[in-house]
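Enquirer: Can you read through this structure? Questions will come right after.
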Protein chains: 2
Amino acid sequence: MESAINVLVAQFKTFASKDGSSHTLSKEEFQTLVVSQLPNLVKNASDPAVIDNLMSSLDENNDGELTFQEFWQLIGKLASTHGGFSQ
Amino acid sequence: MESAINVLVAQFKTFASKDGSSHTLSKEEFQTLVVSQLPNLVKNASDPAVIDNLMSSLDENNDGELTFQEFWQLIGKLASTHGGFSQ
């Protein structure tokens, strides 16, 4: 499991460091990540409304940036649904 | 990222299905998973007190079983610390 966790951390950092804070995802970074890394788990990610809705549902302090913990909640929900676990 | 997420889901299911509910981790299943899968992220996992403390901090409804979402919070915290993100 540790190698899989390390992959997720490293990928988050790669996308988060494209602009501004290297520890948070801007909306643009988030969209780029979702489109390229989560093509099966998030449908229609090229639609700005899909990204806007996801972003606002995750960005708990509404600062327009996603922290690792905020992002982690998204992939947990996606994994839970995909894995067939009840919410 | 999706393949890493799938690994985490599949490993959770493998350990969760060892006894009782195949969708939740009993304390024994949780300890087996932590010892074998998270040896660097969780130290001293063979110590029952370490597992007891982790389990009680995660088991939000105190039913003695960890759901996937409860488990996901743990690895998110471990990944966040390991990745150098502020909490």
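The values are calculated or read from the model by the stated rules, or taken from the named source; none is laboratory data. A quick note: this is a predicted structure, and the numbers were derived from the prediction, not measured. FYI the Cβ positions are ideal-geometry reconstructions off the backbone, even for glycines, and counts take in every protein chain you see.
Enquirer: Got at least one residue in the range A:19-35 being basic (Lys, Arg) and out of contact with any helix residue (DSSP H, G or I) (no Cβ under 7 Å at 6 or more places or on another chain)? Steps first, please.
Expert: From the range A:19-35, those basic (Lys, Arg) are A:27; that's our starting set.
Adding the requirement that they be out of contact with any helix residue (DSSP H, G or I) (no Cβ under 7 Å at 6 or more places or on another chain) leaves none.
Scanning the range A:19-35 turns up no residue that is basic (Lys, Arg) and out of contact with any helix residue (DSSP H, G or I) (no Cβ under 7 Å at 6 or more places or on another chain).
Enquirer: Here is a list of conditions, (1) away from chain A (no Cβ under 14 Å); (2) more than 30 Å from A:ALA16 (Cα to Cα), and B:LEU54 meets all of them except one; can you say which number that is?
Expert: Checking B:LEU54 against (1) away from chain A (no Cβ under 14 Å); (2) more than 30 Å from A:ALA16 (Cα to Cα), the one that fails is (2).
Enquirer: Just give me the residues in the range B:4-32 being of a type outside the set (S, T, N, Q) and at the interface with chain A (Cβ under 10 Å from one of its Cβ atoms), in sequence order. I'd like the intermediate steps shown before the answer.
Expert: Of the range B:4-32, the ones of a type outside the set (S, T, N, Q) are B:4-5, B:7-10, B:12-13, B:15-16, B:18-20, B:23, B:25, B:27-30.
B:ALA4, B:ILE5, B:VAL7, B:LEU8, B:VAL9, B:ALA10, B:PHE12, B:LYS13, B:PHE15, B:ALA16, B:HIS23, listed by residue number.
Enquirer: With chain A as the region, which helices (runs of 4 or more DSSP H) entirely inside it contain at least 1 residues that are modelled with pLDDT under 95 and of a type in the set (Val, Ile, Thr)?
Expert: On the way: elements: A:2-16, A:27-37, A:48-58, A:68-82.
The qualifying helices (runs of 4 or more DSSP H) are A:48-58, A:68-82.
Enquirer: Across the range A:10-41, what is the total count of residues that are surrounded by 19 or more Cβ atoms within 10 Å (Cβ to Cβ) and not acidic (Asp, Glu)?
Expert: Selection size over the range A:10-41: 11.
Enquirer: Kindly provide the set of residues from the range A:62-71 that are in contact (Cβ under 8 Å) with a residue 24 or more places away in the chain and not charged (D, E, K, R), ordered by number.
Expert: A:GLY64, A:LEU66, A:THR67, A:PHE68, A:PHE71 - these are the residues of the range A:62-71 that are in contact (Cβ under 8 Å) with a residue 24 or more places away in the chain and not charged (D, E, K, R).
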